[in-house]
1. Which residues, taken from the range 108-126, are touching a Phe, Trp or Tyr at 6+ places or on another chain (Cβ under 8 Å) and free of Cβ contacts under 8 Å to residues at least 40 places away in the same chain?
2. Being small (Gly, Ala, Ser) and touching a Cys at 6+ places or on another chain (Cβ under 6 Å) is the filter; apply it to the range 1-36 and report the residue that is surrounded by the fewest Cβ atoms within 10 Å (Cβ to Cβ).
3. What's the number of the condition Ala15 fails, among (1) over 12 Å from the mean Cα position of the chain (by Cα); (2) within 29 Å of Gln124 (Cβ to Cβ); (3) not in a loop (DSSP other than H, G, I, E, B)?
4. Return the pairs, sorted by first residue and then second, in which the second residue is surrounded by fewer than 24 Cβ atoms within 10 Å (Cβ to Cβ) and assigned to a helix (DSSP H, G or I), the first residue lies in the range 141-169 and is of a type in the set (Phe, Trp, Tyr), the beta carbons are less than 9 Å apart, and the residues are 6+ apart or on different chains.
5. Could you grab me the full set of residues in the range 56-107 that are aliphatic (A, V, I, L, M), touching a residue at least 60 places away in the same chain (Cβ under 8 Å) and not in a helix (DSSP H, G or I)?
6. Of the conditions (1) part of a loop (DSSP other than H, G, I, E, B); (2) among the hydroxyl-bearing types (Ser, Thr, Tyr); (3) under 20 Å from Ala15 (Cβ atoms), Ser117 clears all except one; give me its number.
Amino acid sequence: MSTKDEIVNRVYARALESDRDYHGCSQSVLDSIQKEFFIGNRKVLKSATVLSGGILRQGETCGAVIGALMALGLLVGREKIEDSKTYRDAKAPCLEVYNRIREELKRAFGFEGELKSTLCRDIQEKVYGRPFKMWDDADYQAFLDAGGHSEAGCPKVCAVAARVAAEKIFELAWTPSEMVP
């Protein structure tokens, strides 16, 4: 059986490799967590297809953050719309993950000043020195030329988000013995 650190390290590595090789930040994060914790299914992964690049490459909320929150939601979220208590209770651990991702991105990349938000364009500004219009072919090429899918770029953002979510899953007392393939 794997230790917590081994699982967290695999989640980090898988998210980094997936975004580097296949792209799709939200799916890269979600898939790395699903595979290690045996949560959700392929339809959940499929639903994250359009969330990358800040939702349809529009620079909105970072897909890596969304993927991490979706994974956590698979564990703490409600299964029935009428379950208001679970809905309310799920917010605290998810807000912790959201805030930790912001802190860990700052630490991992050595950002100067605070990260304004988790908007894709704000994270790009910190990582690459400028945001990119991902829907524009020329600007998307500039993103790639700046190392957009290199291990020092967006794949690292994915890896950080996935690691933070995996660590929170363990904090919530989720153990490998509870995992069912």
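1. Lys126
2. The initial filter retains those residues of the range 1-36 that are small (Gly, Ala, Ser), namely 2, 13, 15, 18, 24, 26, 28, 32.
From what's left, touching a Cys at 6+ places or on another chain (Cβ under 6 Å): 15, 28.
Details: Ala15: 32, Ser28: 30.
Once the filter is applied, the top-ranked residue is Ser28.
3. If we test Ala15 against (1) over 12 Å from the mean Cα position of the chain (by Cα); (2) within 29 Å of Gln124 (Cβ to Cβ); (3) not in a loop (DSSP other than H, G, I, E, B), just (1) comes out false.
4. Filtered contacts from the range 141-169: Phe143/Tyr128.
5. Start the filter on the range 56-107 by keeping residues that are aliphatic (A, V, I, L, M), which leaves 56, 64-66, 68-72, 74-76, 81, 90, 92, 95, 97, 101, 105.
From what's left, touching a residue at least 60 places away in the same chain (Cβ under 8 Å): 56, 64-65, 68-69, 71-72, 75-76, 97, 101.
Within the range 56-107, Leu56 is the sole residue that qualifies.
6. For Ser117, the failing item is (3).
This table checks each residue for (1) basic (Lys, Arg); (2) farther than 22 Å from Met70 by Cβ; (3) in contact with a helix residue (DSSP H, G or I) (Cβ under 9 Å, 6 or more places away or on another chain).
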| site | (1), (2), (3) |
| --- | --- |
| Lys126 | yes, yes, yes |
| Trp135 | no, yes, no |
| Tyr140 | no, yes, no |
| Phe143 | no, yes, yes |
| His149 | no, no, yes |
| Val157 | no, no, yes |
| Ala166 | no, no, yes |
| Phe170 | no, no, yes |
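Per-residue answers, yes or no, for (1) modelled with pLDDT of 95 or more; (2) surrounded by fewer than 16 Cβ atoms within 10 Å (Cβ to Cβ); (3) touching a Ser or Thr at 6+ places or on another chain (Cβ under 7 Å):
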residue	(1), (2), (3)
Ser84	yes, yes, no
Pro93	yes, no, no
Phe111	no, yes, no
Asp122	yes, no, no
Ser150	yes, yes, no
Gly153	yes, no, no
Glu167	yes, no, no
Pro181	no, yes, no
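The values are calculated or read from the model by the stated rules, or taken from the named source; none is laboratory data. Just so you know, these numbers come straight off a predicted model, no measurement behind them. As a convention, Cβ positions derive from the backbone with ideal geometry for all residues, glycine included, and neighbour counts pool all protein chains shown.
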